[in-house]
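Just below is one structure, and these are the notes that go with it.
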């Protein structure tokens, strides 16, 4: 009886889609090679079987090349799952069989799942599965994971797993290749060629290729990777995403939500007065919790729409094209187009962005990408930008936000050039990337991504931001001698803020509240908004007048300077932890924080001082 | 000498040898770029580089520096 199974196969062949279907999980899927960078485990929950399934990062072969491949290889070699489920992409069947042969050569128990059957059936391709099964001595289950077809047959075959006989012809092949390996006088690429020549024979014997290969991908690419419009189209897509999610949705949602929050806060206040709650408790709940958490949740609609577009792009196959288009640009800074993907994922959250750097092919590209990815503003910084932009530049919020991305981009280019010259001299990077066919994004996948990401955002608001808001409220309500005070300027928090404030004077925001907001942003970037909301809301009478108080504390130039500082300075603590883990070095992590914060300081000082020259 | 990088989009050729060393050559052969295989150039990126090819029924892209070292029959 099979107790454990591991999913393995080429990148982007649908392993995680199958994993989700088998185990009822909702792991991250996308349409580019290298979405899964860590192994994930789950349990098959159907009928009377109980099998632990491990989803592994995609590999093209069993000699590991990039880091996420090492994870798979080590798992296959050392963990000895009862059976390996080898997922094959039927649309790239020759290449898929390369790994299958390698897996069979290891002698481990194997079952093959031939995925994307729906696609090749439309093309008119016919595969003699029985013939292939008899030839290779492995069970081959046809499936179409995206439309949930063949999954239960796969489970049946897993629970009744037994090893089959190989054909004499295939036995000869195995013997020959083992001899080559044993003698060791044949180079790795010659052995690969030998495998492919066997695959050619296999395919010619059992597969009749259809003539009706869809040319949709080629047609779409005529526009998206066109010589003249390819790059303008890319920029337009990015612009449209931010325009729609920030401006259009913002205009629709902000007013309604602010009013809802205002009236919620009022009625909750009245209710608390009615039940005779202590005035400090009322203040804690209304001025601390509701204000802090509410200020962050206000931005949920915009963030959700932004996540929606990001997920659509990820599911469509466009991401790999952007890597293709932009490789030339990334090359200048010593990276390849592949680094675009970690950076784009980083626009949602730096943590998965930093982890996505595992797919890169060299240590240097990985390090550099990990250091540079936090320069791409994450979703949690969005509320800060929207808040400041709405306060000072209400007509142009999306332009301000795009400017913040552009500043991040400039920081990436500048730093890349600098590091290329100084730290990583004379390294030649490798760019080798599969371009998957475009697919219509499946709405179920997209919504699952939106839901998972929004859930993180809301959970954070309910936990870290909640606790942080309470702490901020507490610290601004007591003096350093733990005496209650109504004057925030006497409070503990103001002493802390006033202590650091001089550091920020050259940047134009020496106010103690702003300094505190920056510090709390280290815990989570949303805390910046929550902190300013709690601190600035104090003297106001009910309602939600955050924007007014921000206008009173900042000037347009110091607001810009603050935004630039937030955009570039040290990411939050979870991103730092991820960077430490992925760089596997304290030294590099500390270097990267100091570098990021130092660059932020200089850029922000430049913005403030140059800006002040023009606006005076 | 006929190189992969000499082909225009849409043109096909048969690989004669791969004049590259080290890890990238091993990687390329594992991905199916082997001697005797037919390869078609699909397109060049908007900035002229990298190059997209189709081989063994799928699409792959790499840089021109590599394409220049793939010799065709």
**Asked** Between residue A:452 and residue A:396, what is the label-to-label distance in nm when each label sits 7 Å out along the Cα-to-Cβ direction?
**Response** 3.8 nm
**Message:** Suppose each label sits 7 Å from its Cα in the direction of the beta carbon; what would the residue A:259-residue A:552 distance come out to in nanometres?
**Reply:** 2.5 nm
**Request:** Just order A:158-167, A:307-316, A:46-55 by mean Cβ neighbour count inside 10 Å, highest at the front, would you?
**Result:** A:307-316, A:46-55, A:158-167
**Complete:** Relative to the compact-globule estimate 2.2 N^0.38 Å (N residues), the Cα gyration radius of region B:2-72 stands at a ratio of 0.97
**Request:** Tell me the label-point distance for the pair residue A:79, residue B:11, using the 7 Å Cα-to-Cβ offset, in nm and rounded to one decimal.
**Result:** 4.8 nm
**Prompt:** Let a ≥ b ≥ c be the square roots of the eigenvalues of the Cα gyration tensor of region A:433-592; is it rounded (a/c under 1.5), or, if not, prolate (a/b larger than b/c) or oblate?
**Reply:** prolate
**Message:** Counting only other chains, and only Cβ atoms inside 10 Å, what mean value do you get across the residues of A:85-92?
**Reply:** 2
**Degrees separating the helix A:318-332 axis from the principal Cα axis of chain A, which is the longest one** = 70 degrees
**Item:** Shielding by partners, peptide B:40-51 (average Cβ within 10 angstrom, other chains)
**Value:** 6
**Prompt:** Among rounded, prolate and oblate, which fits region A:81-233 when a ≥ b ≥ c are the square roots of the eigenvalues of its C-alpha gyration tensor, a/c under 1.5 means rounded, and a/b larger than b/c means prolate?
**Reply:** oblate
**Message:** Suppose R0 equals 35 Å. What FRET efficiency, 1/(1 + (r/R0)^6) with r the Cβ-Cβ distance, do residue A:240 and residue A:496 give to the nearest 0.05?
**Reply:** 0.25
**Request:** Could you tell me what percent of the DSSP beta bridges with both partners in chain A are antiparallel, to the nearest 5?
**Result:** 30 percent
**Message:** Output the 0 to 90 degree angle, nearest 10, between the alpha-carbon long axis of helix A:230-242 and the longest principal axis computed from the alpha carbons of chain A.
**Reply:** 50 degrees
**Request:** Would you mind calculating the relative contact order of chain A from Cα pairs under 8 angstrom and at least 6 residues apart, reporting the percent as a whole number?
**Result:** 13 percent
**Item:** Bridge type composition, region A:4-208 - antiparallel percent by DSSP, nearest 5
**Value:** 30 percent
**Request:** Using only Cα atoms, tell me the angle between helix A:573-583 and the longest principal axis of chain A; keep it within 0 to 90° and round to the nearest 10.
**Result:** 30 degrees
**Message:** Report the gain in length on full extension from residue A:444 to residue A:266: 0.36 nm times residue separation, minus Cα-Cα distance, nm rounded to one decimal.
**Reply:** 60.2 nm
**For region A:441-516 versus region A:262-338, the gap between their alpha-carbon centres in whole angstrom** = 14 Å
**Request:** Arrange A:471, A:484 by Cβ neighbour counts within 10 Å, fewest through most, would you?
**Result:** A:484, A:471
**Message:** Test of understanding: what is the full-extension gain from residue A:300 to residue A:615, defined as 0.36 nm times their sequence separation minus their Cα-Cα distance?
**Reply:** 110.0 nm
**Request:** Please work out the FRET efficiency for the pair residue A:214 and residue A:422, using the Cβ-Cβ distance as r and a Förster radius of 45 Å; give the result to the nearest 0.05.
**Result:** 0.40
**Asked** Ranked from highest to lowest mean number of other Cβ atoms within 10 Å per residue, what is the order of the peptides A:107-114, A:21-28, A:523-530?
**Response** A:523-530, A:107-114, A:21-28
**Item:** Reduced Cα scattering model of chain A, Debye log10 I(q)/I(0), q = 0.05, 0.07, 0.08, 0.12 Å⁻¹
**Value:** -0.28, -0.52, -0.66, -1.21
**Message:** Let me make sure I get this right: for region A:47-100, a, b and c are the square roots of the gyration tensor eigenvalues over alpha carbons, sorted descending. Under 1.5 in a/c it's rounded, otherwise prolate if a/b > b/c, else oblate. Which is it?
**Reply:** oblate
**Request:** Express in whole angstrom the spacing between the alpha-carbon centres of region A:179-219 and region A:1-79.
**Result:** 24 Å
**Fill in**
Ranked on Cβ counts within 10 Å of their own Cβ, fewest leading, A:482, A:451, A:257 go A:482, A:451, A:257
**Request:** Calculate the mean, over all residues of peptide A:511-522, of how many other protein chain Cβ atoms lie within 10 angstrom of the residue's Cβ.
**Result:** 0
**Request:** Using the number of other C-beta atoms within 10 angstrom as an exposure proxy, rank A:283, A:469 with the fewest first.
**Result:** A:283, A:469
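Read-outs throughout are calculated quantities, based only on the coordinates presented, and are distinct from any laboratory measurement. Every value quoted in this text rests on a predicted model; they were computed, and no experiment measured them. Every residue, glycine as well, gets a Cβ built from its backbone with ideal geometry; the counts of neighbours run over all protein chains shown.
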